[in-house]
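Inspection log for the structure reproduced underneath, given as structure tokens.
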């Protein structure tokens, strides 16, 4: 009667954030990376030197928003840009690219949020972290 559920470990969160950081370093971008569990609770926060301080809260909110709505924040951004501005009234909606779901075998285990450069660049960095999870979760 009970479900079997995969969960995000601190070791996995570190590996995800490290992969994201490597993408940022490769592009000479200073960012904050936040990894949350499937409940939107912070597991790891990593702030690169000289990143704007506002990005700390933004990265956390992007990660939390992706986890809570079980979709990348870019999808939320597209909904709002498509005219469905009522989405902005929902608690936790962050309609800005840079929050990416972390999934294993079709189960959401958390999300990564990145902030510090443009939204598409934040998304690129977050995707690098999610791609790392996909690599090591397979075996």
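Using 0.36 nm per residue of separation minus the Cα-Cα distance, give me the extension gain between residue 81 and residue 105 in nm, one decimal. Write down the numbers at each step before the final one.
On the way: separation 24, 0.36 × 24 = 8.64 nm, distance 3.06 nm.
Extending this stretch completely gives an extra 5.6 nm.
Short version: what are the Cα gyration tensor semi-axes of the chain, square root of 5 times each eigenvalue, largest first, in whole Å?
Semi-axes (√(5λ), whole Å): 21, 20, 12.
Computed FRET efficiency, Cβ-Cβ of residue 90 and residue 56, R0 30 Å: what is it to the nearest 0.05?
0.85
Residue 134 versus residue 11, label points 7 Å from Cα toward the beta carbon: distance in nm?
2.4 nm
When the helices in the chain are scored as -39500 (n - 2.57) per DSSP H run of 4 or longer and the sum is shared across all residues, what 222 nm value do you end up with, to the nearest 500 deg cm²/dmol?
That calculation yields -14500 deg cm²/dmol at 222 nm.
What is the gain in length, in nm to one decimal, between residue 42 and residue 30 on full extension, counting 0.36 nm per residue of separation less the C-alpha to C-alpha distance? Each step should come with its number before you reach the end.
Working: separation 12, 0.36 × 12 = 4.32 nm, distance 2.02 nm.
In short, 2.3 nm is gained.
Hey, fewest Cβ within 10 Å first, where do 55, 7 land in order?
7, 55
Measure off 7 Å from each Cα along the Cα-to-Cβ vector at residue 18 and residue 70, then give the distance between these two points in nanometres to one decimal.
About 3.1 nm separates the two model spin labels.
How high is the relative contact order of segment 10-137, in percent, counting Cα pairs under 8 Å that sit 6 or more residues apart? Could you put the intermediate results ahead of the total?
Values: 297 pairs, mean separation 38.6, N = 128.
Worked out over segment 10-137, it gives 30 percent.
FYI, it's all coordinate maths here, none of it is from the lab. All values reported here derive from a predicted model rather than from experimental measurement. Quick reminder, even Gly has a Cβ in these numbers, built from the backbone with ideal geometry, and neighbours come from all protein chains shown.
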